[in-house]
Ligand code: XUL
Ligand code: CO
């Protein structure tokens, strides 16, 4: 048992009027909304790294958090697991996510590291027999250790590719054994700092080979979860190969993997790519590769991936709009890839962060459901494109007319189109009614 959360009890829904700071005001997991429990729409997950491994450091100073499991090797890792599952219960989380190095210390060799990860995996398996918290996804950290400074799969040294493969095999198998519903590959340092020492085409071939090996192994062991790539444009490498959803799709298609892999889209990463979060979701959904979400936000002034907890229900409403339109995230969910700030020292701060995130998602979800139920938003979108449903529009789209025939039609019918208002502010007002 751990007394890390001494004095704290499970966070409950108390409604918007509640003054209890350790209650949900909007997140009501069992509320049926658009035919489904709220929790089943959101499928929220706790990120092991940010909540239990993060130390509160920044480039100007080290650790601010004092956690009784820090610097204590495997004994510390066991205590950390104890604390993590106690937290899952306090916040009533249906899912969690982890990297191998978050859960267990690295050993002197791959075999030793993997053994440590497996030992904590056994602790998880035991805990999961009685906990309701399931595994949303597992992943391997192929970016922190110095061996990966020039990338993992895209490293010029094939032995590093091989080492990374050994790490991924272990975490993929553990993810499968723990019933994980997805396996995530974030590019980490798969990118480059300078072209002066980099062969882009060669590195992308390596990356595709690595991904193919992962897919093949997943199939071999009977893993039926989603394989997800998490796009990010920069940080840590100056140029990341998984820049954004469109770039990832181009990569997948080039190597024939677009039907096997989807995207895990992170709010802050979208923003760094110069996109809005909903843009990335809309693009992914239209390409059939919207798989899961990393929920957070960036500090808008810093231009850095700050991983704050989400606090913008309007942004989340537009996100949920695209998710609901494609019928949900399926096996995906909303992983809180978010950390409390370095001054947020106390155990209860972890609860405040997640309450903020969950209440924000709940408000976003409700807003999107109301927007869709109202119908005007969708109707206006349909009306804007209605010209394509019949006549000239339909014929051009169906390839029934050549360029010359279209040109002749314009002259024959004296077509002289008049611009129409895009009604942006009208639509912004419309959305505001529901968020
Ligand atoms: C890094 C990031 C990662 C991935 C998992 O920016 O988002 O935590 O989500 O490796
Ligand atoms: Co992430």
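Quick notes on this structure:
- Just one of the listed residues (350, 403, 356) is closer than 30 Å to residue 8 by Cα and free of Cβ contacts under 8 Å to residues at least 60 places away in the same chain, namely 356.
- Checked across segment 220-242, the condition of being more than 16 Å from ligand 2 (Cβ to nearest atom), buried (at least 16 other Cβ atoms within 10 Å of the Cβ) and not in a loop (DSSP other than H, G, I, E, B) holds for no residue.
- Lone unmet requirement of (1) in the same structural domain as residue 309 (by TED's automatic domain parsing); (2) at negative phi for residue 380: (1)
- From the options 89, 66, residue that is touching a residue at least 12 places away in the same chain (Cβ under 8 Å) and in a loop (DSSP other than H, G, I, E, B): 66
- Checked across segment 146-158, the condition of being buried (at least 21 other Cβ atoms within 10 Å of the Cβ), within 16 Å of ligand 2 (Cβ to nearest atom) and under 23 Å from the mean Cα position of the chain (by Cα) holds for no residue.
- Here is the figure for segment 195-204: residues that are in a loop (DSSP other than H, G, I, E, B) and either outside the structural domain of residue 157 (by TED's automatic domain parsing) or closer than 11 Å to residue 150 by Cβ (or both) total 1.
- Residues (surrounded by fewer than 17 Cβ atoms within 10 Å (Cβ to Cβ) and either touching a residue at least 40 places away in the same chain (Cβ under 8 Å) or in a helix (DSSP H, G or I) (or both)) located in segment 277-314: 286, 304, 311, 312, 314
- Here residue 176 does not qualify as assigned to a loop (DSSP other than H, G, I, E, B), in the same structural domain as residue 135 (by TED's automatic domain parsing) and either surrounded by fewer than 22 Cβ atoms within 10 Å (Cβ to Cβ) or within 15 Å of ligand 1 (Cβ to nearest atom) (or both).
- Of all the listed residues (271, 320), the sole one being under 20 Å from residue 228 (Cα atoms) and either away from ligand 2 (no atom under 16 Å from the Cβ) or assigned to a strand (DSSP E or B) (or both) is 320.
- A count restricted to segment 196-219 and to residues that are buried (at least 17 other Cβ atoms within 10 Å of the Cβ) and over 20 Å from residue 155 (Cβ atoms) stands at 1.
- Residues of segment 330-352 satisfying the condition of being surrounded by fewer than 23 Cβ atoms within 10 Å (Cβ to Cβ) and either within 16 Å of ligand 2 (Cβ to nearest atom) or closer than 28 Å to residue 32 by Cβ (or both): 330, 331, 339, 351, 352
- Among the residues listed as 327, 314, 268, the single one being within 16 Å of ligand 1 (Cβ to nearest atom) and in the same structural domain as residue 54 (by TED's automatic domain parsing): 268
- Number of positions in segment 159-173 that are touching a strand residue (DSSP E or B) at 6+ places or on another chain (Cβ under 9 Å) and either free of Cβ contacts under 8 Å to residues at least 60 places away in the same chain or not assigned by TED's automatic domain parsing to the domain that holds residue 96 (or both): 2
- Among the residues of segment 214-245, those identified as without any contact (Cβ under 8 Å) to a residue 40 or more places away in the chain and more than 14 Å from ligand 1 (Cβ to nearest atom) are 216, 219, 220, 224.
- Within segment 390-401, the residues that satisfy the criterion of being exposed (fewer than 12 other Cβ atoms within 10 Å of the Cβ) and touching a helix residue (DSSP H, G or I) at 6+ places or on another chain (Cβ under 9 Å) are 397, 400.
The values are calculated or read from the model by the stated rules, or taken from the named source; none is laboratory data. A quick note: this is a predicted structure, and the numbers were derived from the prediction, not measured. Because the Cβ atoms are built from the backbone with ideal geometry, glycine has one as well, and the counts that use them run over all protein chains shown.
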